[in-house]
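What follows is one structure encoded as structure tokens, with my remarks underneath.
The values are calculated or read from the model by the stated rules, or taken from the named source; none is laboratory data. Quick caveat: nothing in here was measured; it's all calculated off a predicted structure. Neighbour counts are summed over all protein chains in view; Cβ atoms, including those assigned to glycine, are modelled from backbone coordinates with ideal geometry.
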Amino acid sequence: MKMRHSAAVALCASAAANELNRRMQRELDSIREELRQAGEAQRPGKDEESGESPEEGSATF
């Protein structure tokens with residue numbers, strides 16, 4: 001009986017970890033998309049004479 005309980009706990013913990021990983025991946029994907037869109041929004045208005053490329057900008061988190 002103890003073995004089944006341990007297996008059930010392990011299965012539940014694994015399912016919870018998988019769900020957490022999925023949520024974190026969705027959040028990361030959302031952040032990446034926001035950063036991509038922000039980068040695209042900056043490019044057309046960029047002053048070409050400044051010599052600064054989009055990669056040289058600083059990001060704060």
Inspect the range 1-21 for any residue being loosely packed, with under 10 Cβ neighbours inside 10 Å, free of Cβ contacts under 8 Å to residues at least 60 places away in the same chain and not in a helix (DSSP H, G or I) and give the result as yes or no. yes
Does residue 53 satisfy being in contact with a Lys or Arg (Cβ under 9 Å, 6 or more places away or on another chain) and either of a type in the set (Gly, Ala, Ser) or at pLDDT 95 or above (or both)? yes
